Amino acid sequence: MVKVCQSTIIEAPVDEVWSILRDFNGHDRWHPAIAFSEIEGGEPVDAVGAVRHFRLNDGGELREQLLALSDKDRRLSYCLLEAPLPLMGYVASLRLKPVTDTNATFWEWRSKFNPPAHRRDELVRLVSEGIYQAGFAAVRNLLLRGRVGSPVETRPPRVIIEPTPSVNVRHSVSMAAPGQAATTRAIVVERYGGPEELQLREIELPPMGLNEVRIRHTVIGVNFIDVYCRTGFFDLLQPPGVPGMEAAGIIEAVGSAVLGFAAGDRVAYACPPVGAYSERRNMAPELLVHLSDDIADEIAAAGLLKGVSASFLLHDVHAVKPGDVVLIHAAAGGIGQLLVQWARHLGATVIATVSSDDKARVVERLGAHHVIVYSRENFTDAVMRLTGGKGAGVAYDAVGNDTFAGSLAALAVRGHLVSFGQASGPIGNWDIGRFASKSLTISRPNYAHYTDTPEKLAPHVARFFQALRQGVVRVEAPTRYTLANAADAHRDLESRRTTGALVLLPKP
């Protein structure tokens, strides 16, 4: 069984795109491969069970049946009944989701089928390129004809291919000659511990898999989750291992089963598995993000993980609305700065906490309505004073032990505490009964649960990049370290000596 999944962003309202795609007999108006289509028996175009009979431009004829259609979920699925090609068991689905803040549409198109082993690559490419990519482009063109002069999004789609182990395919193309081991410089953690455990080593790169690409990093992001991996608090890294979950770079080579990416593509990522603290690495491409010319490598490496996090924190974990009072801790940090700017744009009153006057000035420039220097003022008392005793509707807390109790006390009745980090240590054990005094809600979101598939990740990436382009948020120039000085970056991060983002440069 082969699974093909592609997704893309269409710069048009979701209802406008859905009105085109829900017409099960309308694809001959927009798909370039189709010459004629009709619904057998005169059934309605949205009737589950309806069969469409259509002819391709090359003369081939096919029959497909509508299996399900939901206007509420903007989703439909269908299966192939007859075709001139051996796409045995072909079942496909379309799904649309609105991308908030951008008036754009996330479109996922996926299918599964059983091809003959000797024609697997040919048929996968036909489905992914001849059907899906061509369809994406055709709908964009149709919408463009409807609004002359409007910008149309042209970013490449994502592709996932999951072949069964029994299918024989070509070996992947690698930059190393056959039998020649490729190596790279990387930061290796031999055992859990302090920053001194981050040691620069020359390590061997394993052979590139058929479903992998090889990336040459240009900029590497540093995040507090890297500290958790180094200390063993999170088990994402097993010593000896290379930390890091965020980077930007250039694809050097692609495996033979990879579609949608090519050597020379600029990409970024913010996801497991760890291994970003290196000059080069092999990686599955499912969660890679194509970079357009207006997104610099340094901005992507410094901001992608933080921007995606800010997206789901402000829109999914707690949907911030105009008039909300939002409390943001560590507001001068990388993600804190984005939360301040974005929450203000969403119409919230932003109360920010920082540890020093210098950091307070940074956050004030970003638009926080009130800034509390918690090293000299009790932030709970200050929040209550600023809100006339009502408290904040939501608190975003990545500090943990030092702020958790105060954050609870600073919330309004039915307030929401979003605890998404613990830089100062674990929060300890709490009696849930204490939250009833204000009917409080507590969330502890896990980054991976919002980003571990292309369809989950893509809307957040699109929303963040659009926010950058529109000036809703900006990523300040990060503090730079060489790869060899990764330990210094961790020391500065843990001691809160920096503001904004930190990055590592693979080349001095």
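The values are calculated or read from the model by the stated rules, or taken from the named source; none is laboratory data. Here the structure is a predicted model, which is why all the values come from computation and not from measurement. Note that each Cβ is placed from the backbone with ideal geometry, even for glycine, and that neighbours are counted across all protein chains shown.
Which one is nearest to residue 220 (Cα to Cα) among residues in region 444-455 that are in contact (Cβ under 8 Å) with a residue 24 or more places away in the chain and exposed (fewer than 14 other Cβ atoms within 10 Å of the Cβ)?
448
How about region 334-400: which helices (runs of 4 or more DSSP H) wholly inside it have at least 1 residues that are in contact (Cβ under 8 Å) with a residue 60 or more places away in the chain and outside the structural domain of residue 300 (by TED's automatic domain parsing)?
On the way: elements: 334-345, 357-365, 379-386.
Filter on region 334-400 gives 334-345, 357-365.
Which residue, of 75, 95, is among the basic types (Lys, Arg), farther than 19 Å from residue 259 by Cβ and free of Cβ contacts under 8 Å to residues at least 60 places away in the same chain?
None of the other options fit; the residue is 75.
Matching residues to (1) farther than 30 Å from residue 8 by Cα; (2) touching a residue at least 60 places away in the same chain (Cβ under 8 Å); (3) not basic (Lys, Arg):
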position	(1), (2), (3)
414	yes, no, no
419	yes, no, yes
429	yes, no, yes
432	yes, no, yes
457	no, yes, yes
464	no, yes, yes
471	no, no, yes
501	no, yes, yes
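Count, please, the residues in region 481-508 that happen to be surrounded by 18 or more Cβ atoms within 10 Å (Cβ to Cβ) and part of a strand (DSSP E or B).
Residues meeting the conditions: 5.
When region 190-215 is examined, which residues are found to be charged (D, E, K, R) and buried (at least 18 other Cβ atoms within 10 Å of the Cβ)?
197, 212, 214
Please specify each residue of region 407-425 satisfying the condition of being touching a helix residue (DSSP H, G or I) at 6+ places or on another chain (Cβ under 7 Å) and not in a strand (DSSP E or B).
Hits for region 407-425 are 409, 410, 420, 421, 423.
For a quick check of your reading of the model, give me the residue pairs whose first member lies in region 306-331 and is over 13 Å from residue 421 (Cα atoms), whose second is buried (at least 24 other Cβ atoms within 10 Å of the Cβ) and charged (D, E, K, R), with beta-carbon atoms closer than 6 Å and at least 6 apart or on different chains.
Pairs that qualify, where the first residue is over 13 Å from residue 421 (Cα atoms) and the partner is buried (at least 24 other Cβ atoms within 10 Å of the Cβ) and charged (D, E, K, R), are 311/463.
Are any residues in region 33-67 under 35 Å from the mean Cα position of the chain (by Cα) and either touching a residue at least 24 places away in the same chain (Cβ under 8 Å) or not assigned by TED's automatic domain parsing to the domain that holds residue 88 (or both), and if so, which ones?
33, 46, 66, 67
Of the numbered conditions (1) assigned by TED's automatic domain parsing to the domain that holds residue 197; (2) under 30 Å from residue 375 (Cβ atoms), residue 264 fails exactly one; give the number of that condition.
(2)
Would you mention how many residues in region 113-136 are surrounded by fewer than 19 Cβ atoms within 10 Å (Cβ to Cβ), under 30 Å from residue 461 (Cα atoms) and either touching a Gly at 6+ places or on another chain (Cβ under 7 Å) or without any contact (Cβ under 8 Å) to a residue 60 or more places away in the chain (or both)?
1
Looking at region 400-415, can you tell me whether even one residue there is closer than 19 Å to residue 499 by Cα, at pLDDT 95 or above and surrounded by fewer than 22 Cβ atoms within 10 Å (Cβ to Cβ)?
For region 400-415, residues closer than 19 Å to residue 499 by Cα, at pLDDT 95 or above and surrounded by fewer than 22 Cβ atoms within 10 Å (Cβ to Cβ): absent.
One residue is enough: does region 290-300 have a residue meeting the conditions closer than 17 Å to residue 478 by Cβ, part of a loop (DSSP other than H, G, I, E, B) and free of Cβ contacts under 8 Å to residues at least 24 places away in the same chain?
Yes, region 290-300 contains at least one residue that is closer than 17 Å to residue 478 by Cβ, part of a loop (DSSP other than H, G, I, E, B) and free of Cβ contacts under 8 Å to residues at least 24 places away in the same chain.
So which strands (runs of 3 or more DSSP E) are wholly in region 1-109 and hold at least 3 residues that are crowded, with 19+ Cβ neighbours inside 10 Å and modelled with pLDDT under 90?
In region 1-109, the matching strands (runs of 3 or more DSSP E) lie at 2-10.
Of these, 348, 368, 352, which one is in contact with a helix residue (DSSP H, G or I) (Cβ under 7 Å, 6 or more places away or on another chain), surrounded by 18 or more Cβ atoms within 10 Å (Cβ to Cβ) and either modelled with pLDDT under 95 or more than 19 Å from residue 404 (Cα to Cα) (or both)?
On inspection, the qualifying residue turns out to be 368.
Assuming residue 261 fulfils every condition listed in (1) without any contact (Cβ under 8 Å) to a residue 40 or more places away in the chain; (2) in a loop (DSSP other than H, G, I, E, B) apart from one, which condition is it?
Among (1) without any contact (Cβ under 8 Å) to a residue 40 or more places away in the chain; (2) in a loop (DSSP other than H, G, I, E, B), residue 261 violates only (1).
For region 458-480, does any single residue satisfy the condition of being part of a strand (DSSP E or B) and not basic (Lys, Arg)?
Applying the first criterion (part of a strand (DSSP E or B)) to region 458-480 yields 479-480.
Keeping just the survivors that are not basic (Lys, Arg) gives 479.
Yes, because at least one residue in region 458-480 is part of a strand (DSSP E or B) and not basic (Lys, Arg).
Check residue 440 against each of (1) farther than 30 Å from residue 101 by Cα; (2) assigned by TED's automatic domain parsing to the domain that holds residue 396; (3) crowded, with 17+ Cβ neighbours inside 10 Å; (4) among the aliphatic types (A, V, I, L, M) and name the one condition it does not meet.
(1)
Residues in region 301-327 that are among the aliphatic types (A, V, I, L, M), touching a Gly at 6+ places or on another chain (Cβ under 6 Å) and either assigned to a strand (DSSP E or B) or more than 13 Å from residue 221 (Cβ to Cβ) (or both): how many?
Residues that pass the stated criteria total 1.
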